[in-house]
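Data block below; observations after.
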Amino acid sequence: MLSNQNRSAQLDALRETFDIIVVGGGITGAGIALEAAIKGFRVLLIEKNDFASGTSSRSTKLIHGGLRYLKQLELKLVHEVARERFVVYENARHLVRPEKMLLPIYRGGSLGVTTTTMALWLYDLLGGVQKKEKKRMLNKHLVEETEPLLNKENLLSGGLYVEYRTDDARLTIEVLKTAQTKGAVCFNYIEAQNFKYGADGRINGVEAVDKITGKNIVFASSIVINAAGPWVDIIRKKDEAPKGKKLRLTKGIHLVFPYSKIPISQALYFDTNDGRMMFAIPRQNITYVGTTDTFYDGEKENPCVSKEDVDYIIDNITKTLQVSIHTGDIVSSWSGLRPLIYEEGKSASELSRKDEIFISTSGLISIAGGKLTGYRKMAEQVIQMVEKRGINRKTDATTHRQILVGGHFKSEDELSAYIERKIGECRQIEISREQVVNWVYRYGSETDCIIEKTYNFYNKGIRNRNVPIMSELMYCIEKESVYTLADFLIRRTAILYFEREKITTELCQILNSIIGEQLGHSETEKADSLREFEEAYRQSILFE
Ligand SMILES: Cc1cc2nc3c(=O)[nH]c(=O)nc-3n(C[C@H](O)[C@H](O)[C@H](O)COP(=O)(O)OP(=O)(O)OC[C@H]3O[C@@H](n4cnc5c(N)ncnc54)[C@H](O)[C@@H]3O)c2cc1C
């Protein structure tokens with residue numbers, strides 16, 4: 001199980017030499033662990049904080065082909081990621097949902113009618129888009145009808161096309177859970193600190209620290225892969241001074257508003273004042289908007305959202321939509337760092353989103369750049385590099401058709417039928433329709449396990465409004481390595497971002513004490529867990 005229950009015993013049992021150690025538990029590391037495990041390599045993944053706590057919980061949460069990269073003529077990149085959208089969707093249908101996107105075209109905007117028609121046509125072509133999801137161009141009248149909130153002045157027409165919406169952190173967790181079912185060993189809260197080398201100067205292990213106990217651990221392996229996202233260069237420096245290309249970080253923020261403040265009928269992709277593009281995405285009771293793209297050199301753990309970032313987003317929304325919004329309306333926010341490859345003379349938004357692999361003299365393989373969407377392809381390339389270094393796969397299996405844990409639905413109809421069945425099963429235990437739908441879109445067919453836990457509480461006579469979330473938490477402790485309250489309320493459920501109204505002091509205390517009981521936390525650990533979440537809660541509406 002991907003769990004911190006019996007963590008010490010699990011760690012003590014790891015005495016073997018692995019084929020591969022992956023440093024970093026974001027989507028890149030998770031994808032590599034899955035690809036490696038599926039090919040029969042013995043793989044260990046270590047993450048210094050929680051899984052997906054870096055960039056992989058702070059993106060726009062879209063599985064998209066990067067339409068805007070067409071402007072930069074990155075045809076190969078668009079071809080690869082646009083095609084990959086459908087693979088990611090088919091492997092996790094519950095978590096990757098088709099989302100219609102409207103692209104309005106304004107006189108004087110960065111895209112004209114002809115260029116947009118051509119770009120969307122090319123996007124369909126490069127992405128191998130299915131007939132029913134191909135783009136549609138709309139005249140001005142239809143655009144207004146589709147999204148009545150759009151500013152009408154200078155509006156010319158628009159394009160309607162399909163992308164996919166996901167939850168980045170959940171995608172990372174599901175990839176890790178799947179890797180674990182294929183034999184990968186994955187731990188959060190273990191930090192790689194240094195490398196071990198053989199007499200030939202080649203890397204053959206990692207010196208790490210268990211951040212929970214403070215214990216030092218040495219792991220042995222034939223290959224070490226650095227998938228540390230924004231920290232890739234820091235890890236490279238521990239091995240040797242990075243040669244050649246280096247990373248340049250850019251920051252992107254998102255703001256969350258109550259749906260009533262930005263009640264758009266559907267997702268929008270629109271021009272900004274400075275020639276960039278921005279998304280506005282409705283989701284249940286909120287609408288989130290982003291993003292920015294500015295060079296960043298500050299601390300990497302928790303990049304803050306500045307007042308300037310907020311003003312930039314608000315200015316661009318109010319320029320495009322007939323809404324009245326202010327800083328005080330923001331209910332949550334997040335800020336992430338893109339680990340991009342530095343190119344002399346290019347602005348933040350001009351830097352390529354392509355991934356890049358670096359191999360050091362001692363054999364450390366580092367990967368950076370890329371997109372959430374392309375995680376599977378990046379992992380394939382990295383494992384090909386491993387094989388070039390003489391460590392051979394044991395099977396030819398691929399991740400192309402590897403359904404992620406919980407995603408075993410062959411069609412939308414099958415998924416809908418499952419949801420209806422679960423709603424029926426939950427009537428007796430008074431779980432709302434909305435709750436069941438939420439669970440299925442988070443955990444897919446694993447919802448069965450959560451419902452079973454709810455029945456267990458009921459059978460023990462525990463019947464109150466917190467039972468559903470308590471059941472969900474129990475599942476995440478047992479199968480998703482939750483260790484702190486923030487792991488659960490931010491990375492496993494995104495409640496901090498999308499359902500903030502549910503968070504009360506009383507609920508936090510109940511959930512935190514369940515985590516404490518299940519994992520044997522000391523009083524200090526319980527207090528630290530609460531404090532850490534309170535800080536994240538405060539930060540998410542603090543703009544400096
Ligand atoms: C604002 C924004 C919006 C984006 N939107 C999209 C989008 O909509 N769609 C899309 O496809 N892509 C998007 N991206 C890109 C995508 O999010 C990233 O490419 C991806 O998440 C990077 O994942 P990663 O695993 O490489 O890095 P990370 O997720 O940062 O993972 C690296 C991990 O390494 C860990 N680590 C670091 N040092 C150590 C160590 N010493 N020991 C152990 N672990 C360590 C970190 O804690 C971290 O968890 C967006 C990015 C940003 C910033």
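Just a few scattered comments:
- On inspection, residue 3 passes the criterion of being away from the ligand (no atom under 15 Å from the Cβ) and either under 17 Å from residue 385 (Cβ atoms) or within 20 Å of the chain's Cα centre (by Cα) (or both).
- Within region 161-176, the set of residues being open to solvent by 10 Å² or more (accessible area, probe 1.4 Å) and modelled with pLDDT of 95 or more comprises 165, 167.
- Within region 300-311, if we keep just the residues that are more than 13 Å from the ligand (Cβ to nearest atom) and more than 19 Å from the chain's Cα centre (by Cα), the residue that is least open to solvent (accessible area, probe 1.4 Å) turns out to be 310.
- Meeting the requirement of 3 or more residues that are open to solvent by less than 10 Å² (accessible area, probe 1.4 Å) and closer than 21 Å to residue 177 by Cβ, the strands (runs of 3 or more DSSP E) wholly within region 1-111 are 17-23, 43-46.
- Region 209-247, subset more than 11 Å from the ligand (Cβ to nearest atom) and among the small types (Gly, Ala, Ser), residue surrounded by the most Cβ atoms within 10 Å (Cβ to Cβ): 221
- Residue tally, condition over 22 Å from the mean Cα position of the chain (by Cα) and either open to solvent by 70 Å² or more (accessible area, probe 1.4 Å) or more than 16 Å from the ligand (Cβ to nearest atom) (or both), over region 315-335: 14
- Residue within region 340-349 that is within 13 Å of the ligand (Cβ to nearest atom), open to solvent by 20 Å² or more (accessible area, probe 1.4 Å) and within 26 Å of residue 82 (Cα to Cα) present: yes
- Flag set for residue 66, criterion: within 16 Å of the ligand (Cβ to nearest atom) and among the small types (Gly, Ala, Ser).
- Subset of region 382-415 (residues that are in a helix (DSSP H, G or I) and either out of contact with any strand residue (DSSP E or B) (no Cβ under 6 Å at 6 or more places or on another chain) or surrounded by fewer than 21 Cβ atoms within 10 Å (Cβ to Cβ) (or both)): 383, 384, 385, 387, 388, 412, 413, 414, 415
- Among strands (runs of 3 or more DSSP E) entirely within region 129-208, having at least 1 residues that are among the β-branched types (Val, Ile, Thr) singles out 155-165, 185-187, 190-197.
- Just one residue in the set 517, 535, 525 is over 20 Å from residue 58 (Cβ atoms), open to solvent by 60 Å² or more (accessible area, probe 1.4 Å) and in a helix (DSSP H, G or I); that residue is 517.
- Unique match (being closer than 20 Å to residue 52 by Cα and among the charged types (D, E, K, R)) among 472, 420: 472
- Among residues of region 105-116 being under 30 Å from the mean Cα position of the chain (by Cα) and among the polar types (S, T, N, Q), the one that is nearest to residue 272 (Cα to Cα) is 110.
- Residue in region 480-487 that is in a helix (DSSP H, G or I) and open to solvent by 10 Å² or more (accessible area, probe 1.4 Å) present: no
- Those residues of region 129-171 which are small (Gly, Ala, Ser) and touching a strand residue (DSSP E or B) at 6+ places or on another chain (Cβ under 7 Å), in sequence order: 157, 158, 159
- Among the residues of region 413-455, the ones that are modelled with pLDDT under 95 and either among the aliphatic types (A, V, I, L, M) or within 18 Å of residue 99 (Cα to Cα) (or both) come to 2 in all.
- Within region 262-298, the set of residues being charged (D, E, K, R) and more than 26 Å from residue 438 (Cβ to Cβ) comprises 271, 274, 276, 293, 297.
- Number of positions in region 248-273 that are over 15 Å from residue 150 (Cα atoms) and either more than 16 Å from the ligand (Cβ to nearest atom) or open to solvent by less than 30 Å² (accessible area, probe 1.4 Å) (or both): 13
- Whichever residue in region 216-234 is in contact with a strand residue (DSSP E or B) (Cβ under 7 Å, 6 or more places away or on another chain) and either in a helix (DSSP H, G or I) or without any contact (Cβ under 8 Å) to a residue 60 or more places away in the chain (or both) and, among such residues, is nearest to residue 16 (Cα to Cα): 218
- Among the residues of region 354-376, those identified as under 27 Å from residue 276 (Cα atoms) and under 16 Å from the mean Cα position of the chain (by Cα) are 368, 369, 370, 371, 372, 373, 374, 375.
- Residues that are of a type in the set (Asp, Glu) and not in a helix (DSSP H, G or I), drawn from region 488-511: 499
- Selection count, region 458-495, where residues are over 15 Å from the mean Cα position of the chain (by Cα) and among the hydrophobic types (A, V, I, L, M, F, W, C): 11
The values are calculated or read from the model by the stated rules, or taken from the named source; none is laboratory data. Values in this document were obtained by computation on a predicted structure and should not be read as measured data. Cβ coordinates were reconstructed from backbone atoms using ideal geometry, including for glycine residues, and neighbour counts include every protein chain displayed. Heavy atoms of the whole protein, side chains included, go into the accessibility calculation; ligands, DNA and RNA do not. Shrake-Rupley method; radii C 1.70, N 1.55, O 1.52, S 1.80 Å.
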